[in-house]
Amino acid sequence: MVRMKRLYEAIIHEHLEKYDLMVFICGPRQVGKTTLAQALAGVKNKYLYLNWDNLDDRRRILEGPTKLVEEDLLSNVSKGKPFLILDEIHKYEEWSSFVKGIYDTYKDELRIIVTGSARLNVYRRGGDSMMGRYFQYRMHPLSVGELLHSEPGETVLRKPKKLGIKKFNELLEFGGFPKPFLNKDKKFARRWQDLRHQQLINQDLRDISDIRMTSKMEVLIQLISGQSGQLFNYNNMATKIRVSNFTVRHWMDVLEELYYCFKIHPWSTNVERSLLKNPKYYLWDWSRVKDKGARVENFVASHLLKAVHYWNDTGQGQYELYFVRDKDQNEVDFLVVENGDPWMLIEVNFSEDKVLSKSLKKFQEQLRPKYSVQLAYDMDYIDFDIRDIKKAKIMPMITFLSQLP
């Protein structure tokens, strides 16, 4: 299979040219982190790739940083700084001290890339912070924008560009993880999903948590898939699977840490009678959502989260993703906040509707965002730039998503 050049390759390459800080690449299993790290090192540079899940590599790591770096990387002269790539190293109890020690000792002699399929939270294990020693990049599945562009845009929002409807529908059906998307085979996709699910249950959960009731966790995962985008009630979920409210909250945190799902909270500032409590959860792999309408909403949620993370990680501003709902059940699916202020309201529809949502109009008046759009999944591409919007407008989903990273 031909390797697809990812959008992240250019931005991390620029980081490596400009800064002497480590690169942390985070993201779900099978999203392409290892392939990206090895592509960044390239054939012209000497590099050492070590994966904590590999027992031989683990033994080498435990021998200590001096032997690892001095003998394996710096013993021979190479063109340019050699690369040390550490994969899934967060599973090592002393990982933060280990990585910090290598960086502090050898930062002028090598480049360090750390990748992981659970969040690389430097405060999680060990008492020492690595603040100021790294920049983090959160790697997402493929998106409409990334299928159209493999280089960073000059502005936050790109000019619209047409993606073929066949590719657009394949992205929705197979998801954005490279292997099932590029294979485009339903049987392969099902087997790939099943394998990834079993790795989550049998390996990843045990690696980072003390969860033992895996059968009930599997029930929770199944229930989450069936209510993507719905208000999440922890008490109701606890009753269904017969565990405590605290346990459900803990398990949901673990599933977020493993990039199985992500949550967004309601926005309340300047919203009359706003909803304050229940969040919504969406899946990183939207292809697991069976209901077509819910999958389309999850599809957009994933694109918006990717955009927000990308803009934040590349220093373009401080962006956050919310939804808006009040106690009268007026609701708009998504609100992107820029530097603390409402910036973009997005309502998602499966089919084109000639009438703007009343909730979209209501919250546009209350929040005064720069952009307000109602997206239609089944509306054909038109060459229209969202930046030309002066008031709320209905536009094709395929057009809007082409303007995001």
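Structure summary
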quantity	calculated
Residue count for segment 68-101, restricted to those that are in contact with a helix residue (DSSP H, G or I) (Cβ under 6 Å, 6 or more places away or on another chain) and of a type in the set (K, R)	1
Evaluation of M4 against (1) touching a residue at least 12 places away in the same chain (Cβ under 8 Å); (2) out of contact with any strand residue (DSSP E or B) (no Cβ under 6 Å at 6 or more places or on another chain); (3) part of a helix (DSSP H, G or I) (one fails), failing number	(3)
Whichever residue in segment 381-405 is in contact (Cβ under 8 Å) with a residue 60 or more places away in the chain and more than 23 Å from the chain's Cα centre (by Cα) and, among such residues, is nearest to A301 (Cα to Cα)	I386
Test: residue in segment 331-348 that is acidic (D, E) and more than 28 Å from D291 (Cβ to Cβ)	yes
Candidate set from segment 7-21 (those that are assigned to a helix (DSSP H, G or I) and charged (D, E, K, R)); member that is surrounded by the most Cβ atoms within 10 Å (Cβ to Cβ)	E9
So V114, is it in contact (Cβ under 8 Å) with a residue 40 or more places away in the chain, within 27 Å of R196 (Cα to Cα) and among the β-branched types (V, I, T)	yes
Tally of residues being small (G, A, S), in a loop (DSSP other than H, G, I, E, B) and in contact (Cβ under 8 Å) with a residue 40 or more places away in the chain across segment 159-213	3
Odd one out for P405 among (1) at pLDDT 95 or above; (2) more than 30 Å from H13 (Cβ to Cβ)	(2)
Residue within segment 22-37 that is free of Cβ contacts under 8 Å to residues at least 12 places away in the same chain and assigned to a helix (DSSP H, G or I) present	no
Scope segment 342-361; condition small (G, A, S) and either surrounded by fewer than 19 Cβ atoms within 10 Å (Cβ to Cβ) or over 23 Å from T269 (Cα atoms) (or both); matching residues	S351
Residue within segment 336-345 that is on the phi > 0 side of the Ramachandran plot and in the same structural domain as P160 (by TED's automatic domain parsing) present	yes
Every residue from segment 68-96 that is surrounded by 13 or more Cβ atoms within 10 Å (Cβ to Cβ) and of a type in the set (V, I, T)	V69, I85, I89
P65, sole failed condition from (1) out of contact with any helix residue (DSSP H, G or I) (no Cβ under 7 Å at 6 or more places or on another chain); (2) surrounded by 14 or more Cβ atoms within 10 Å (Cβ to Cβ)	(1)
Residue list for segment 216-238, filter: in contact (Cβ under 8 Å) with a residue 60 or more places away in the chain, of a type in the set (S, T, Y) and out of contact with any strand residue (DSSP E or B) (no Cβ under 6 Å at 6 or more places or on another chain)	S225
Test for D53: is it out of contact with any helix residue (DSSP H, G or I) (no Cβ under 6 Å at 6 or more places or on another chain), more than 20 Å from D20 (Cα to Cα), surrounded by fewer than 19 Cβ atoms within 10 Å (Cβ to Cβ) and modelled with pLDDT under 95	yes
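Yes/no matrix, rows are residues, columns are (1) closer than 19 Å to K91 by Cβ; (2) at pLDDT 95 or above; (3) hydroxyl-bearing (S, T, Y):
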{"position": "E173", "(1), (2), (3)": "no, yes, no"}
{"position": "G176", "(1), (2), (3)": "no, yes, no"}
{"position": "D185", "(1), (2), (3)": "no, yes, no"}
{"position": "D194", "(1), (2), (3)": "no, no, no"}
{"position": "L205", "(1), (2), (3)": "yes, no, no"}
{"position": "M213", "(1), (2), (3)": "no, no, no"}
{"position": "E218", "(1), (2), (3)": "no, no, no"}
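The values are calculated or read from the model by the stated rules, or taken from the named source; none is laboratory data. These figures come from a predicted structure and were not determined experimentally. Heads up, the Cβs are rebuilt from the backbone with ideal geometry, glycines too, and the neighbour counts pull from every protein chain shown.
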